[in-house]
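A.B. asks: Structure in structure tokens, see below.
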Amino acid sequence: MSMEPIQTDRAPAAIGPYSQGMAAGDFIFYSGQIPLDPVSGELVGHSVEEQTEQVMKNMEGALAGAGLGFAHVVKTTIFLTDLGSFATVNEIYGRRFPQKAPARATVEVSALPKGALVEIEWVAYRGK
């Protein structure tokens, strides 16, 4: 099985020694996205609503860079600094998956890079 890094300017560049995504066969394993502006690299928004919207935009851009969309996502993990914001994040997230929602885990963490409130990582299937 071949592996290849996935890179696009439609999503923020990696801020460390990792790839935006790594394709392995028919699957792409995407690194977590925090609410960074893809152009400036700066954190977007102060509220969990604003930040979740930006993460979903980044997710959409990363998927589009590989010719995919939300319908290709099979698994996500959401990291929140406050599980009390679960309902808000869930509502924004759910708008992108109105038909077939992927498998998912949501966990509370003590902190995220750059002081973000939310981060999402995912796996997409690009097979037939």
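A short reminder: the numbers here are calculations on the coordinates, not readings from a lab. Because the structure is a prediction, the values reported are computed rather than measured. For neighbour counting, all protein chains shown are included, and Cβ atoms are generated from backbone atoms with ideal geometry for every residue, glycine included.
A.B. asks: Report, by residue number, each residue of segment 91-106 that is surrounded by 14 or more Cβ atoms within 10 Å (Cβ to Cβ) and of a type outside the set (D, E, K, R).
C.D. replies: ILE92, TYR93, PHE97, PRO102, THR106, listed by residue number.
A.B. asks: Mind checking which residues of segment 1-36 are surrounded by 11 or more Cβ atoms within 10 Å (Cβ to Cβ) and among the hydroxyl-bearing types (Ser, Thr, Tyr)?
C.D. replies: Result: THR8, TYR18, SER19, TYR30, SER31.
A.B. asks: Using beta carbons and a limit of 6 Å, which pairs, at least six apart or on different chains, have the first residue in segment 52-80 and over 20 Å from LYS114 (Cα atoms) and the second one in a helix (DSSP H, G or I)?
C.D. replies: Correct list of pairs: GLY69/LEU63.
A.B. asks: Conditions first: (1) in contact with a Pro (Cβ under 7 Å, 6 or more places away or on another chain); (2) buried (at least 19 other Cβ atoms within 10 Å of the Cβ). VAL74 passes all but one, so which condition is the exception?
C.D. replies: The single condition VAL74 does not satisfy is (2).
A.B. asks: Kindly evaluate GLN33 against the criterion of being under 13 Å from TYR93 (Cβ atoms) and free of Cβ contacts under 8 Å to residues at least 24 places away in the same chain.
C.D. replies: no
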